[in-house]
Amino acid sequence: MRAARLYGRHDVRIEEVPTPVPGPGEVLVRVRAVAICPSDWRLYEDGHAGGVVPDHPIIQGHEFSGDVVAHGPGVDGPPIGARVAVEPSWHCGHCDSCQRGLTHLCRNQVFPSFPQRDGALAEYIACPAYACCVLPEGIPYVHGALAEPLTVGLHALRLAAPRPDEQVIILGAGMVGLSVLMCARAMGLPKIALVEPVQGRRQRAAALGADPAVPTAEDLRAEALEGDVIFECAGEGAAVEQALSLARPSGRVVVVGIP
């Protein structure tokens, strides 16, 4: 099969590699759509992301959807032909975190597109059957590929549990910041401000319901606007400091971005 392999900064090569064979409990997915995560971009642009520095060529891509085309041993679903979005945080099911139901904190977590497992910028990928979520009728593959960043925003909101009378502030209008914004609007939260220096992103956030959407934290301070709940979605150290400075007494800060 063909795959896009990252060899280092600014060095991606389309190569022929063996098609993976699904192991016990796994399915083979024909990839239909892949979203580019900021961590993918940082590995390409900087050679590292979130403390990870690959020491060998890797296939990137962990936000993806596709079709189930084969089962490994012991798998009875999703059925062959199912259209699926794939959750990319693969857990062992045996460690203390998994036993407590905290599978996202698995001590043996495998994350495709990072060095321990190739990702989905390829024609096929083998992945755990339990990680596959069947796409509802009418949901296109490209939307399925965005399920992972959307759930990041939803999880952040569930952790903070903002009330309708509380002021929400979002720092950053990349995919994660916009996912927090869209989920917050879907939950009926009326008071959502957003800080984003890039004009195009800021305009998109305003169109999705951020009010105000401003270029700097200073603009919020000028309006004497403080937050009950602040979501740091930029992944920069300075943004964490800004989030803390914008929180009113008893405010909550959720650090979502990966530095």
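The values are calculated or read from the model by the stated rules, or taken from the named source; none is laboratory data. This one's a predicted model, so the numbers in the text were calculated from it and none came from an experiment. Counting neighbours? That spans all protein chains shown, and the Cβs are built from the backbone with ideal geometry, glycine included.
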Return the residues of the stretch 72-93 that are small (Gly, Ala, Ser) and either in a strand (DSSP E or B) or touching a helix residue (DSSP H, G or I) at 6+ places or on another chain (Cβ under 6 Å) (or both); say none if nothing qualifies.
85, 89
For the subset of the stretch 33-47 comprising residues that are of a type in the set (Gly, Ala, Ser) and at pLDDT 95 or above, which member is farthest from residue 134 (Cα to Cα)?
35
For the stretch 208-218, state whether one or more residues are free of Cβ contacts under 8 Å to residues at least 40 places away in the same chain, closer than 30 Å to residue 65 by Cα and not polar (S, T, N, Q).
yes
In the stretch 171-184, which residues are in a helix (DSSP H, G or I) and touching a strand residue (DSSP E or B) at 6+ places or on another chain (Cβ under 7 Å)?
177, 180, 181, 184
Residues being of a type in the set (Asp, Glu), outside any strand (DSSP E or B) and surrounded by 14 or more Cβ atoms within 10 Å (Cβ to Cβ): count how many of those fall in the stretch 50-69.
0
Which numbered condition residue 160 misses (of (1) buried (at least 16 other Cβ atoms within 10 Å of the Cβ); (2) modelled with pLDDT under 95; (3) touching a strand residue (DSSP E or B) at 6+ places or on another chain (Cβ under 9 Å)):
(2)
Residue hits (the stretch 1-12; under 14 Å from residue 118 (Cβ atoms) and loosely packed, with under 14 Cβ neighbours inside 10 Å) are 2, 7
Among the residues of the stretch 1-32, count how many are part of a strand (DSSP E or B), touching an Asp or Glu at 6+ places or on another chain (Cβ under 8 Å) and within 21 Å of residue 128 (Cα to Cα).
5
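This table checks each residue for (1) of a type outside the set (Gly, Ala, Ser); (2) surrounded by 19 or more Cβ atoms within 10 Å (Cβ to Cβ); (3) modelled with pLDDT of 95 or more.
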| site | (1), (2), (3) |
| --- | --- |
| 194 | yes, yes, yes |
| 201 | yes, no, yes |
| 204 | yes, no, yes |
| 221 | yes, no, no |
| 224 | no, no, no |
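In this structure, does residue 197 turn out to be assigned to a loop (DSSP other than H, G, I, E, B) and either within 23 Å of residue 65 (Cα to Cα) or free of Cβ contacts under 8 Å to residues at least 24 places away in the same chain (or both)?
On the way: assigned to a loop (DSSP other than H, G, I, E, B): yes; either within 23 Å of residue 65 (Cα to Cα) or free of Cβ contacts under 8 Å to residues at least 24 places away in the same chain (or both): yes.
In short, yes.
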Within the stretch 119-164, which residues are among the acidic types (Asp, Glu) and either without any contact (Cβ under 8 Å) to a residue 24 or more places away in the chain or in contact with a Leu (Cβ under 8 Å, 6 or more places away or on another chain) (or both)?
137
Looking only at the stretch 128-142, count every residue that is under 12 Å from residue 64 (Cα atoms) and either in contact with a Phe, Trp or Tyr (Cβ under 7 Å, 6 or more places away or on another chain) or in a helix (DSSP H, G or I) (or both) and tell me the total.
3
Would you pick out the residues in the stretch 33-49 that are surrounded by 14 or more Cβ atoms within 10 Å (Cβ to Cβ) and either part of a loop (DSSP other than H, G, I, E, B) or not aromatic (Phe, Trp, Tyr) (or both)?
33, 34, 35, 36, 37, 38, 39, 40, 42, 43, 47, 49
Filter result (in a loop (DSSP other than H, G, I, E, B), surrounded by 17 or more Cβ atoms within 10 Å (Cβ to Cβ) and modelled with pLDDT of 95 or more) within the stretch 94-117
106
The condition from (1) of a type in the set (Val, Ile, Thr); (2) out of contact with any Lys or Arg (no Cβ under 8 Å at 6 or more places or on another chain); (3) more than 30 Å from residue 9 (Cα to Cα) that residue 52 misses is numbered (3)
Given the condition in contact (Cβ under 8 Å) with a residue 24 or more places away in the chain and not assigned by TED's automatic domain parsing to the domain that holds residue 193, answer yes or no: does some residue in the stretch 90-103 qualify?
yes
